[in-house]
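Okay, so here's the structure we're looking at.
The values are calculated or read from the model by the stated rules, or taken from the named source; none is laboratory data. In this text, all values refer to a predicted model and were calculated from it rather than measured experimentally. A quick note on method: Cβ atoms are made from the backbone with ideal geometry, for glycine too, and the neighbour counts reach across all protein chains shown.
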Amino acid sequence: MDRARGTRAAGTRPAARRANVDDDRPAAANYHANALARGLALLERLAAQGGALTLNDFSAGTGLPKSTLVRLLGVLEEMGYVVRADERPAYRLGHKTLTLSTAYLTGLDLSQVAGGHLAKVAEATGQTANLGVLDGREVLHVCVREPDRPIRFHTMPGTRDAAHCTGLGKMLLARLDPSKVAAYLPPEPFPARTEHTLTTASALAEDLRATAERGHALDDNEGSVGLRCVAVPVEVGGDCVAALSVSGPSAEFDGDRRAGYLDGLRAAAADLAADADVVAALEYLRSSLRSGAPSTREDA
């Protein structure tokens, strides 16, 4: 017999090893816990697919034998975590996964999960850090952390403020499609909180264009005399899901200090966007908020 037939030809590469789901199992998984890790991996693949997967799909994607997959999927089906969709067989996620996801979302306290990020900003800047989202014509402060100093801007989570005259509000408005901004504004002239408040749609539109171009918003004594605020967007996949700001005494927001504040805000905004709990809580909250304010007779 030709020995060459029994050996791999020189210069050829060995066949690539098929990916195996066990490669990603937790380091702490022992022999018994490995079955749990495998089962969870199957659920993750179904979630990523967004539809049904066949037994062949699972086998190709996990590297597990079909006999093993049948046993794992059988247990998951019996417990309601997957449902057999057809006779190929194919499987989809079951109702128990909705129970888990709902419990996860309702259990998230946005002020708590985002609080650590804002606390670092407040400590580094000496100013009050605020995280906000648009709710109709108002900004809803969903998380606030104040610095440890006697003179500071004071507000609380759950506080609402006008969108047209605040740093958070103008940052969020600037990231909307310009054609949709009017739905988030009161009738003209807008309520003037100070002599610096922008009270017309044209003046605000010019400010929002400048805000969008430079990537941050400025409230320069527009909401309260003696108070300034700078805000940046919190972006996930190109979508502005919230705005992050610092607010404090006007005299402490000169050019150099403001630039330092913005550097810290942008870093914190990136950290917030990378925090899966924060993003999930924001998306859950945003699903319940108003898309602008409905017209009333007084608005007409």
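Of the residues 145, 152, only one is at pLDDT below 95, of a type in the set (Lys, Arg) and either over 29 Å from residue 182 (Cα atoms) or touching a helix residue (DSSP H, G or I) at 6+ places or on another chain (Cβ under 6 Å) (or both); which? Working first, answer last.
Working: 145 fails: at pLDDT below 95.
From the options 145, 152, the qualifying one is 152.
Failed condition for residue 108, given (1) over 21 Å from the mean Cα position of the chain (by Cα); (2) modelled with pLDDT under 95; (3) outside any helix (DSSP H, G or I), with all others met?
(1)
Kindly indicate whether any position in region 48-60 is of a type in the set (Val, Ile, Thr), modelled with pLDDT of 90 or more and part of a helix (DSSP H, G or I).
No, the conditions are met nowhere in region 48-60.
Which one of 177, 207, 219 is farther than 22 Å from residue 281 by Cα, assigned by TED's automatic domain parsing to the domain that holds residue 278 and within 21 Å of the chain's Cα centre (by Cα)?
Step by step, each of 177, 207, 219 is checked, and only 177 is farther than 22 Å from residue 281 by Cα, assigned by TED's automatic domain parsing to the domain that holds residue 278 and within 21 Å of the chain's Cα centre (by Cα).
Might you check whether a residue that is among the β-branched types (Val, Ile, Thr), surrounded by fewer than 22 Cβ atoms within 10 Å (Cβ to Cβ) and in contact with a Gly (Cβ under 6 Å, 6 or more places away or on another chain) occurs anywhere in region 156-171? Break it down into steps so the answer makes sense when it comes.
First, pick out the residues of region 156-171 that are among the β-branched types (Val, Ile, Thr): 159, 166.
If we keep only those that are surrounded by fewer than 22 Cβ atoms within 10 Å (Cβ to Cβ) as well, we get 159.
Restricting the remaining residues to those that are in contact with a Gly (Cβ under 6 Å, 6 or more places away or on another chain) gives none.
For region 156-171, residues among the β-branched types (Val, Ile, Thr), surrounded by fewer than 22 Cβ atoms within 10 Å (Cβ to Cβ) and in contact with a Gly (Cβ under 6 Å, 6 or more places away or on another chain): absent.
Does region 183-221 hold any residues that are among the small types (Gly, Ala, Ser) and part of a loop (DSSP other than H, G, I, E, B), and which are they?
Within region 183-221, 192, 215 meet the criteria.
Quick one: is residue 224 outside any strand (DSSP E or B) and either under 24 Å from residue 158 (Cα atoms) or in contact with a Phe, Trp or Tyr (Cβ under 6 Å, 6 or more places away or on another chain) (or both)? Step through it out loud before you land on a result.
Details: outside any strand (DSSP E or B): yes; either under 24 Å from residue 158 (Cα atoms) or in contact with a Phe, Trp or Tyr (Cβ under 6 Å, 6 or more places away or on another chain) (or both): yes.
Against the criterion (outside any strand (DSSP E or B) and either under 24 Å from residue 158 (Cα atoms) or in contact with a Phe, Trp or Tyr (Cβ under 6 Å, 6 or more places away or on another chain) (or both)), residue 224 qualifies.
If I go through region 83-121 residue by residue, how many of them are without any contact (Cβ under 8 Å) to a residue 12 or more places away in the chain and of a type in the set (Lys, Arg)?
Result for region 83-121: 1.
Picking from 88, 92, which residue would you name as being in a loop (DSSP other than H, G, I, E, B) and farther than 17 Å from residue 20 by Cβ?
Unique residue meeting the criteria: 88.
When residue 296 is evaluated against the numbered criteria (1) exposed (fewer than 12 other Cβ atoms within 10 Å of the Cβ); (2) modelled with pLDDT of 95 or more, which criterion, by number, is the only one it fails?
Result: residue 296 passes all but (2).
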